[in-house]
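Taking it in order: structure first as C-alpha cells, then the write-up.
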Amino acid sequence: MYRTAEPEPVIRRMAEDLGVHHEALRNWIRQAEAEADAGERPSGSRANGAAAMPG
C-alpha cells in the first residue's frame with residue numbers, strides 16, 4: 001500500500017489512517033524493505049498463511 005500510493009504518502013498520515021503509531025508503521029516499512037532486498041518473503045500473519053481475523 002505504501003509503495004503503490006500516488007503521490008507517496010506521508011508516513012504519519014498513513015499511520016493515522018491505519019490506526020497505528022507512525023513509528024510502528026515506519027519500522028514495518030523498513031523491515032519489509034530489508035526483507036525484500038534480501039530476497040526473503042515478507043513476515044506477518046498473511047505471509048505465513050494464517051487466516052484473516054474474523055470480524
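The values are calculated or read from the model by the stated rules, or taken from the named source; none is laboratory data. Nothing here was measured: the structure is a model prediction, and the numbers come from that model. So basically every Cβ, Gly included, is an ideal-geometry build from the backbone, and we count neighbours across all protein chains shown.
Observations on the structure shown:
- Filtering segment 26-36 for residues that are loosely packed, with under 13 Cβ neighbours inside 10 Å, at pLDDT 85 or above and part of a loop (DSSP other than H, G, I, E, B) leaves an empty set.
- All of (1) of a type in the set (A, V, I, L, M, F, W, C); (2) out of contact with any Leu (no Cβ under 8 Å at 6 or more places or on another chain); (3) modelled with pLDDT of 70 or more hold for Ala51 with one exception: (3).
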